[in-house]
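Heads up: the structure comes next, in structure tokens.
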Amino acid sequence: MLSVATTVTEVRVEMTQVEVAEEQIKDQEKQRVFGFIPNFYVTYEPDPAPLIARQKFQLAWRSVIDPFTFVAVGFLAGIQQASDQFGAYGQGAEGYGKRYGAAYGNVVASTFIGSAILPSLFKQDPRYFYKGTGSVKSRTLYALANAVICKGDNKKWQFNYSEVIGAFATGAISYTYYPQGDRHGVIWENGLIKLGESAVAGVFQEFVIRKLTPHLQTHAKTQP
């Protein structure tokens, strides 16, 4: 009798890191405060996969074309017109259109420069990494610090060059289309305001926004 050897082949199918990140982005794009305000730039995953450059641009594009972005910009332009901010733009439909264009230009420049272009160059992650544990003090300090520190694509914490440089770069770009009389100090003013907004937003992300965002989808996925 001849003995025939039996060979057992084990096939393991695992998602690549890029594929895991793609699935996590899809979940992030479903995150909306009160069900309608975009909350794309926060991850609640315990160990999220880093994003490649294409995914950073994808998230930025999805953010700037979201219907709520257009509505929010329109509301801001209305407030500016009512208070006659940037008076050189004038009033009426033309003045409102100029204010709307400037405000939307700020959103596009800030989002793409600070959350896509520079993060791709510096290999940094533009998202807020929800902490959710620890004392109130430690979580508050963590949230505030996220305006100037971030995780790199190597998952290590580092100085947030993307956020800081991006904030002042956006101010420099807005200098080109603001009325001449309103340009004084706009670069530093807009840059510092952007960093301050980022710090405050971090605190809200840590303590408030998660409770107001329904249907969060988090998965403890094992990275390949």
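Any read-out appearing in this document is the output of simple, stated calculations on the displayed coordinates, not a laboratory observation. Please read these numbers as outputs of a predicted model, since none were measured by experiment. Note that we place each Cβ from the backbone using ideal geometry, even for glycine, and neighbour counts take in every protein chain shown.
Using the count of nearby Cβ atoms within 10 Å as a rough guide to exposure, how do VAL203, VAL20 rank from fewest to most?
With the sparsest Cβ surroundings first, the list reads VAL203, VAL20.
What FRET efficiency, computed as 1/(1 + (r/R0)^6) with R0 = 25 Å and r the Cβ-Cβ distance, is obtained for GLU197 and ASP84, rounded to the nearest 0.05?
After rounding, the FRET efficiency stands at 0.60.
Once the cut-off is 21 Å, how many percent of the Cα-Cα pairs in the chain end up in the long-distance tail? Don't jump to the answer; show the numbers that get you there.
Working: 15291 of 24976 pairs.
Across the chain, Cα pairs with separations above 21 Å total 61 percent.
Does anyone have the angle between helix 186-207 and the longest principal axis of the chain? Alpha-carbon axes, 0 to 90°, nearest 10?
Value to nearest ten degrees: 50.
Kindly express, to the nearest 10 degrees and within the range 0 to 90, the angle between helix 17-28's C-alpha long axis and the longest C-alpha principal axis of the chain.
Once rounded, one gets 50 degrees.
Using Cα-Cα distances under 8 Å and only pairs 6 or more residues apart, what relative contact order does the chain have, in percent? Walk me through the intermediate numbers first.
Working: 286 pairs, mean separation 58.3, N = 224.
Relative contact order of the chain: 26 percent.
For the chain, what does -39500 (n - 2.57) per DSSP helix run (n ≥ 4), summed and divided by total residues, give at 222 nm, in deg cm²/dmol to the nearest 500?
Calculated from helices alone, the mean residue ellipticity at 222 nm is -16000 deg cm²/dmol.
With +1 on the Cβ of every Lys and Arg and -1 on the Cβ of every Asp and Glu, and nothing else charged, how large is the dipole of the chain about its Cα centre, in debye rounded to the nearest 20?
320 debye
Please list 39-50, 131-142, 110-121 highest first by mean number of surrounding beta-carbon atoms within 10 Å per residue.
110-121, 39-50, 131-142
Looking at this model, which pairs from LYS131/LYS156; LYS30/LYS155; LYS30/LYS211 are more than 22 angstrom apart at the alpha-carbon?
With Cα atoms farther than 22 Å apart: LYS30/LYS155.
What do you get for the angle between helix 161-174 and the principal long axis of the chain? Use alpha-carbon atoms, 0 to 90 degrees, nearest ten.
30 degrees
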